[in-house]
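Written below as structure tokens is the structure these notes are about.
The values are calculated or read from the model by the stated rules, or taken from the named source; none is laboratory data. Computed from a predicted structure; not experimentally measured. Cβ atoms come from the backbone with ideal geometry, glycine included; neighbour counts cover every protein chain shown.
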Ligand code: ATP
Ligand code: MG
């Protein structure tokens, strides 16, 4: 929700710290909230829409905080100013001076223009390509045309709203971990080995050798676990996902955490904690934006307030088989299966205890039954599926060597990882949360591409 007092406070605070160098003083959100009634303001923004006659011109101006209609009359603003406004095409940038008046019309307020200038015009030979009809056909930004024009699509209301929701999600994840004394820690993005298996590794030439883009922060986070004990990050991860699904990107934002001495249950508590904290922060700060996205707020409230049930992998397989899905014990669950499993869930569910054969070497075998590993995936309801993958790590030297060898993974690139066990290994665990997936689900969007400014997939690295 746009909070004028809050924004006003920020503006005042900024002015105190940077003096009169601020390039902009008035915000449309403050105008429509009634903070400047009957006063003169200078609005700086972009032409959203315009119409009118020879004598009077109505321009809806937008800035990052909202929209407001400005009314320019030829006999008030003068010939030259009137004509320049009349020629200002959609997305021209403008500076408009005028007095704020409350009205019964849309936005509740209007600005009676006294003078105006066009700051950055739009050439009539190349009008702004994203028209209302292109938007109507768009299905949430999905057409190739809108993806090709993504740099311009960012200015549309839907995308602006999503970017604000996304920023709030990032902020809430940081505050969840920082409030619990986690240290933010950065791992390298160029690495020598895989975390999630070779098939999705991006190989990059590296001065006559080969390196890879990291798939996860985890292995390097484990190295700092004996130093920091509770650590987290938010950083991009890279995976060469060949198939294009509604939830896979090749570059995605990964919130990851690692805790020393922690069990699978403790790590799950944090997974549930951070997701519920994000949902409740969105309700507090972004309820209008969520509604603009078409999200039912009572659903988000349920995700913030409910406890997330836990279910073993074996039970999930039984449910799927009872629904006639062909799935064998030992398979990892892909999106098609998670979709069926979660379509009648009302809240996120943890799936725990996957078969050892389905998971990479770093997952710790369950001492009570080493056919399974002590891991979890958090599956979002409504058919969204996995948003978190985590668990306990294999932590003794003997066990990690056994797991690496049984997988047929070469030991060499993982010597540093084995060392973490050689020098005072301790039980520990952590998870990875897909931030773009979290934004997609919580805002009720259809496709992960809607939740990131410049989506990357196997077919697209432009614009
Ligand atoms: P999936 O089965 O959907 O490919 P995964 O098991 O490979 O997921 P993990 O390796 O557990 O995923 O990664 C942790 C989290 O990172 C996932 O729960 C998901 O939220 C996110 N994630 C993984 N791969 C992608 C991707 N290609 N695009 C966006 N988010 C991803
Ligand atoms: Mg995957």
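Cβ separations smaller than 6 Å between residues 6+ apart or across chains give the following pairs from segment 417-443 residues that are under 14 Å from residue 271 (Cβ atoms) to residues that are within 11 Å of ligand 1 (Cβ to nearest atom) and part of a helix (DSSP H, G or I): 431/271.
The set of residues in segment 185-195 that are within 16 Å of ligand 2 (Cβ to nearest atom) and farther than 20 Å from residue 231 by Cβ contains only 194.
Does at least one position in segment 212-219 carry a residue that is assigned to a helix (DSSP H, G or I) and more than 23 Å from residue 172 (Cα to Cα)?
Step one: list which residues in segment 212-219 are assigned to a helix (DSSP H, G or I), which gives 218-219.
Add one more test, that the residue is more than 23 Å from residue 172 (Cα to Cα), and what stays is 219.
The answer is yes, given that some residue of segment 212-219 is assigned to a helix (DSSP H, G or I) and more than 23 Å from residue 172 (Cα to Cα).
In the list 198, 208, which residue meets the criterion of being free of Cβ contacts under 8 Å to residues at least 24 places away in the same chain and within 16 Å of ligand 1 (Cβ to nearest atom)? First the steps, then the outcome.
On the way: 208 fails: within 16 Å of ligand 1 (Cβ to nearest atom).
198 is the lone residue from the list that is free of Cβ contacts under 8 Å to residues at least 24 places away in the same chain and within 16 Å of ligand 1 (Cβ to nearest atom).
Considering only residues that are more than 16 Å from ligand 2 (Cβ to nearest atom) and surrounded by fewer than 20 Cβ atoms within 10 Å (Cβ to Cβ), which ones fall in segment 231-249? Across segment 231-249, the qualifying residues are 234, 235. Residues in segment 315-325 include at least one that is under 31 Å from the mean Cα position of the chain (by Cα) and crowded, with 19+ Cβ neighbours inside 10 Å. No other residue among 227, 223 is assigned to a helix (DSSP H, G or I), free of Cβ contacts under 8 Å to residues at least 24 places away in the same chain, over 19 Å from the mean Cα position of the chain (by Cα) and away from ligand 1 (no atom under 15 Å from the Cβ) apart from 227.
The requirement of being touching a helix residue (DSSP H, G or I) at 6+ places or on another chain (Cβ under 8 Å) and either modelled with pLDDT under 95 or part of a strand (DSSP E or B) (or both) is fulfilled nowhere in segment 162-170; no residue meets it.
Given 83, 91, 110, which one is crowded, with 17+ Cβ neighbours inside 10 Å and farther than 17 Å from residue 32 by Cα? None of the other options fit; the residue is 91. What are the residues in segment 336-363 that are surrounded by fewer than 16 Cβ atoms within 10 Å (Cβ to Cβ), closer than 24 Å to residue 306 by Cα and modelled with pLDDT under 95, if any? Once the filter is applied, which keeps residues that are surrounded by fewer than 16 Cβ atoms within 10 Å (Cβ to Cβ), closer than 24 Å to residue 306 by Cα and modelled with pLDDT under 95, segment 336-363 yields 343, 344.
What do you reckon, is residue 135 closer than 20 Å to residue 437 by Cβ and either crowded, with 17+ Cβ neighbours inside 10 Å or more than 16 Å from ligand 1 (Cβ to nearest atom) (or both)?
Details: closer than 20 Å to residue 437 by Cβ: no; either crowded, with 17+ Cβ neighbours inside 10 Å or more than 16 Å from ligand 1 (Cβ to nearest atom) (or both): yes.
Answer is no for this residue.
Here the condition is being assigned to a helix (DSSP H, G or I) and more than 10 Å from ligand 1 (Cβ to nearest atom); of 415, 392, it holds for 415 alone. Any chance segment 122-133 includes a residue that's within 21 Å of the chain's Cα centre (by Cα), away from ligand 2 (no atom under 16 Å from the Cβ) and free of Cβ contacts under 8 Å to residues at least 12 places away in the same chain? No, because not a single residue in segment 122-133 is within 21 Å of the chain's Cα centre (by Cα), away from ligand 2 (no atom under 16 Å from the Cβ) and free of Cβ contacts under 8 Å to residues at least 12 places away in the same chain.
Contact map, segment 97-114: residues that are over 16 Å from residue 29 (Cα atoms) paired with residues that are surrounded by fewer than 15 Cβ atoms within 10 Å (Cβ to Cβ) and at pLDDT below 95, Cβ distance under 8 Å, separation 6+ or inter-chain. No pairs are found.
Determine which member of the set 438, 433 is part of a helix (DSSP H, G or I), within 16 Å of ligand 1 (Cβ to nearest atom) and surrounded by 14 or more Cβ atoms within 10 Å (Cβ to Cβ).
Values: 433 fails: part of a helix (DSSP H, G or I).
After ruling out the rest, the residue left standing is 438.
Put simply, of 424, 432 the only residue that is touching a helix residue (DSSP H, G or I) at 6+ places or on another chain (Cβ under 8 Å), farther than 22 Å from residue 294 by Cα and within 16 Å of ligand 2 (Cβ to nearest atom) is 432.
Looking only at segment 347-371, how many residues end up being in a strand (DSSP E or B) and either touching a helix residue (DSSP H, G or I) at 6+ places or on another chain (Cβ under 6 Å) or without any contact (Cβ under 8 Å) to a residue 60 or more places away in the chain (or both)?
First, the residues of segment 347-371 that are in a strand (DSSP E or B): 349-352, 355, 363, 365-366, 369-371.
This time we only want the ones that are either touching a helix residue (DSSP H, G or I) at 6+ places or on another chain (Cβ under 6 Å) or without any contact (Cβ under 8 Å) to a residue 60 or more places away in the chain (or both), so: 349-351, 355, 363, 365-366, 369-371.
The number of residues fulfilling the criteria is 10.
Listed conditions (1) in contact (Cβ under 8 Å) with a residue 40 or more places away in the chain; (2) under 32 Å from the mean Cα position of the chain (by Cα) are all met by residue 73, apart from (2). The residues on offer are 344, 405, 332, and the sole one that is outside any strand (DSSP E or B), within 24 Å of residue 245 (Cα to Cα) and either touching a strand residue (DSSP E or B) at 6+ places or on another chain (Cβ under 6 Å) or away from ligand 1 (no atom under 15 Å from the Cβ) (or both) is 344. Listed by first and then second residue, the pairs linking a residue in segment 383-400 that is closer than 15 Å to residue 226 by Cβ to a residue that is within 14 Å of ligand 1 (Cβ to nearest atom) and assigned to a strand (DSSP E or B), with Cβ atoms under 8 Å apart and 6 or more places separating them unless they lie on different chains, are 393/363; 393/429; 393/430.
Looking at residue 305, is it at pLDDT 95 or above, out of contact with any helix residue (DSSP H, G or I) (no Cβ under 7 Å at 6 or more places or on another chain) and within 16 Å of ligand 2 (Cβ to nearest atom)? Walk me through it before giving the result.
Values: at pLDDT 95 or above: yes; out of contact with any helix residue (DSSP H, G or I) (no Cβ under 7 Å at 6 or more places or on another chain): yes; within 16 Å of ligand 2 (Cβ to nearest atom): no.
Against the criterion (at pLDDT 95 or above, out of contact with any helix residue (DSSP H, G or I) (no Cβ under 7 Å at 6 or more places or on another chain) and within 16 Å of ligand 2 (Cβ to nearest atom)), residue 305 does not qualify.
Restricting attention to segment 240-288, the residues that are over 14 Å from residue 171 (Cβ atoms), more than 16 Å from ligand 1 (Cβ to nearest atom) and part of a loop (DSSP other than H, G, I, E, B) add up to 3.
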